[in-house]
Each structure stands twice: as structure tokens, then as C-alpha cells.
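Peer 1: The following block contains the structure, expressed as C-alpha cells.
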Amino acid sequence: MQKVAAALVLAVLTACAGYSPGTTLLGDSGPPIGGGGGDGGDGGPDGGDGGPDGGDAGPDAGCGALTLNGVPAVDGCYGSVAAIATGTVNTGNCTITITFNTATTACTGAVSGGTANAFDGGCQNGFYCTSTSLPGTLNCVSGGTVCAIKICDAGASCP
């Protein structure tokens, strides 16, 4: 989203720069490089205003400090059993290892999205899992098996 915003700003600045016709450089009295004749004429009206700003694009990049200290969870990858999740985001390299007291045992991956701490990684037993935030739901896949592990907020009941 930041690249789109930067491109839009560049386009608006370029369109509104008010360049003068011609290619004469300061201190240069000769024709443009490569010869050529006169001015190419007016390019027409500019593109106008780029429109309203798109607003905040959401959480910034990087990761936020987070500790899951024995928080409730539901391990849908192994029978939808009640579980306990534990882990701490390493803010130096934006990674986390989440351990569970179930057959899933551990999931390790990268976190991003600022304080949202989106997860992208893998769990032991061959599952690849992602989540838009932690705490949140790890959506996992292994071969043809699709499952989810719900990690709840500390002190909250976990469905």
C-alpha cells in the first residue's frame, strides 16, 4: 500500500510541476541534444487532483512485543481439544515459537504487521500455518488436511 501511495504522490507532483515548454538549459544557446526543431507543443491539461487520501493502511511493518503466557487455545488440528499456548515474540528478528500442551507441540514462524503480529510459519507434524494476528486463529494445512488452532486472549474464555 505504501508503494501505491508513493506512486500516486509522484504522479501528482509530476503532473503539477508546471514545466516550461522547450528544452533550453541554463547557459546553453544551442538546440537540444540530437538536433531537432522547435517545441513539441503543449501536452494538454494535467491529470488533476489524485482524489482523496486512502487513509491509514493498517498496522505498520515489523512486529510488536507479545507474550502468550499459558493462554487458552483450542487445537482444531488434533480433535478440537482445549489447549494452553505459550510463546514470546522475539522483537529483534520478529519470530515466535508457540508451544502447546497437545500433539501439535510447537509452531515457529515470522510475525509482521506491527502490533497485529501476523503469523506465517510451520508447526511440528508438517503443518504450514498463517494468521492475520496473534492472539488469533492459525489456519493450517498439511497435504489435503486443513485445520485451525484458535489462540485466545489471556483471561478470556476460548470457544
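The values are calculated or read from the model by the stated rules, or taken from the named source; none is laboratory data. Since the structure is predicted, the reported quantities are computational estimates derived from the model, not experimental observations. Glycine gets a Cβ as well: all are built from the backbone with ideal geometry, and neighbour counts include every protein chain shown. Just the protein is used for accessible areas: all its heavy atoms, side chains included, with ligands, DNA and RNA removed. Shrake-Rupley method; radii C 1.70, N 1.55, O 1.52, S 1.80 Å.
Peer 1: Conditions: (1) assigned to a strand (DSSP E or B); (2) open to solvent by less than 50 Å² (accessible area, probe 1.4 Å); (3) at negative phi. Residue 102 meets all but one. Number of the miss?
Peer 2: Of everything listed in (1) assigned to a strand (DSSP E or B); (2) open to solvent by less than 50 Å² (accessible area, probe 1.4 Å); (3) at negative phi, residue 102 misses just condition (1).
Peer 1: So residue 151 passes all but one of these: (1) at pLDDT 90 or above; (2) over 19 Å from residue 81 (Cβ atoms); (3) of a type outside the set (S, T, N, Q). Which condition number does it fail?
Peer 2: Failing condition for residue 151: (2).
Peer 1: Mind checking which residues of segment 123-151 are under 12 Å from residue 74 (Cβ atoms), under 22 Å from the mean Cα position of the chain (by Cα) and in contact (Cβ under 8 Å) with a residue 24 or more places away in the chain?
Peer 2: Within segment 123-151, 135, 138, 148, 149, 150, 151 qualify.
Peer 1: The conditions are (1) at pLDDT 75 or above; (2) assigned to a loop (DSSP other than H, G, I, E, B); (3) open to solvent by 90 Å² or more (accessible area, probe 1.4 Å), and residue 69 fails exactly one of them. Which is it?
Peer 2: Among (1) at pLDDT 75 or above; (2) assigned to a loop (DSSP other than H, G, I, E, B); (3) open to solvent by 90 Å² or more (accessible area, probe 1.4 Å), the lone unmet condition for residue 69 is (2).
Peer 1: Mind checking whether some residue in segment 79-97 is touching a residue at least 24 places away in the same chain (Cβ under 8 Å), under 21 Å from residue 159 (Cβ atoms) and in a loop (DSSP other than H, G, I, E, B)?
Peer 2: No, segment 79-97 has no match at all.
Peer 1: Could you please give the count of residues in segment 87-122 that are more than 16 Å from the chain's Cα centre (by Cα), under 18 Å from residue 72 (Cβ atoms) and among the hydrophobic types (A, V, I, L, M, F, W, C)?
Peer 2: 6
Peer 1: Would you pick out the residues in segment 116-129 that are modelled with pLDDT of 95 or more and either charged (D, E, K, R) or open to solvent by 50 Å² or more (accessible area, probe 1.4 Å) (or both)?
Peer 2: If the condition is that a residue be modelled with pLDDT of 95 or more and either charged (D, E, K, R) or open to solvent by 50 Å² or more (accessible area, probe 1.4 Å) (or both), then 120, 128 are the ones that fit.
Peer 1: For segment 135-155, what are the residues that are open to solvent by 10 Å² or more (accessible area, probe 1.4 Å) and either under 11 Å from residue 120 (Cα atoms) or among the aliphatic types (A, V, I, L, M) (or both)?
Peer 2: The answer is 139, 141, 146, 148, 154.
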